[in-house]
1. Put +1 on the Cβ of every Lys and Arg and -1 on every Asp and Glu Cβ in the chain; which of I49, A22, L153 then has its Cα farthest towards the positive end of the dipole?
2. Taking the highest mean first, how do the peptides 289-298, 159-168 order by number of other beta carbon atoms within 10 angstrom per residue?
3. Which one, Y126, A39, N110, is farthest towards the positive end of the dipole of segment 27-126 when Lys and Arg carry +1 and Asp and Glu -1 on their Cβ?
4. In terms of the Cα gyration tensor, with a ≥ b ≥ c the square roots of its eigenvalues, is segment 70-185 rounded because a/c is under 1.5, prolate because a/b exceeds b/c, or oblate?
5. Which trypsin sites (Lys or Arg not before Pro) in segment 176-284 sit in a loop by DSSP (not H, G, I, E or B) and have at most 15 other Cβ atoms within 10 Å of their own Cβ?
6. Note down the magnitude of the dipole of the chain about its Cα centre, charges +1 on Lys and Arg C-beta and -1 on Asp and Glu C-beta and zero elsewhere, to the nearest 20 debye.
7. Of the labelled options (i) 0.94; (ii) 1.12; (iii) 1.01, which one gives Rg/Rh (Cα atoms, Kirkwood Rh) as computed for this structure?
8. Go ahead and run the numbers for FRET between Y15 and Q41, Cβ-Cβ distance against an R0 of 30 Å, rounding to 0.05.
Amino acid sequence: MNYIVLDLEWNQCPYGKAKEIASLPFEIIEIGAVRLNEALQVTGQFREIVRPQVYTSLHFRTREIVTLRSLDFEGARSFQEVAADFFAWCLEEPLFCTWGPADLTELQRNLSYYNMENPFPFPLMYYDIQKIFSIVYEDRKSRKSLEYAVDFLHLPKEISFHSALSDAMYTSLVMQKLTEQQILENSSVDYFRTPLTRSQEIYLHYNTYDKFVSRLFPSRNQAMKDSIVTSMRCPLCRKSVSRKIRWFSAGGHNHFCLAWCPDHGYLKGKIRLRKNTDQMTYAVKTIRPISEEEASLLYERKEMLKSKRREHRHAQTI
């Protein structure tokens, strides 16, 4: 087993959103990675610049962030060649680690664009070190920059940020300040490939909460009518629970629910409705215990939203 700490740099369409290729909003231009063993010791490094084939000029934001310049791409190999070598370098049973959730999604998107085989298992579980840093050292909710985490942990800053290999190296240094248990018990699931059928739906159980990823639905309304999507079960005792507040929309893509477990108290359900690359809808549901104070805030939130909708309807009739 190897931990593969991955970081990517990518470019986007420099000619405006109208000329962007929808299936490839971000083209990978550099792959960097550090390989760690089970003791979190470095056993290898990978770094290669990728020749852009779609967006051949660098977007101004890319030039502001990354250290690469046009001369760096002279003699660079194609994504297809570099990606094939990268996956061979990962060896067997790799566990992927990233800073944030975007890198694995964009890597798979690039694989799909070039009609390359997706070598990742389904579902793709990985370790978001940005999230785990927040769980261990912060408030579980905030998402800080990699440089913030390096400063917080008083790690040496001997190389610049914003190159694929250097950011992978810094992420591996942050990992080394975590225990194996802290890493492994806080996995994440990637959403680039989503369940197509009921049998493929994803059920994940963590120490204090459950996560569920549904199959695809034609619309948000149909997703919210599905009995599995809207079911509530206590993540601690696994029993079905009664609802104190039915599912309600908080605007946008989020829905909330409040339930009560006789053994473990209040439970908060959250459903985020998302769209896949074919614009089909799927639901990501989490259920976690909350305090009585948090439950009161959820009651207040629902009443506030109900009042706002009532005022809006009244204004439309005037």
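The values are calculated or read from the model by the stated rules, or taken from the named source; none is laboratory data. Just so it is clear, the structure is predicted and the values come from calculations on it, not from any experiment. Virtual Cβ from ideal backbone geometry, glycine too; neighbours counted across all protein chains shown. Heads up: the accessible areas ignore ligands, DNA and RNA and are worked out on the full protein's heavy atoms, side chains in. Shrake-Rupley method; radii C 1.70, N 1.55, O 1.52, S 1.80 Å.
1. Result: A22, furthest along the dipole toward the positive end.
2. Ranking the peptides 289-298, 159-168 by packing returns 159-168, 289-298.
3. N110
4. It comes out oblate by the Cα gyration axes.
5. K225, R238, K239
6. Dipole size: approximately 2220 debye.
7. Label of the calculated value: (iii).
8. Efficiency for this residue pair is about 0.10.
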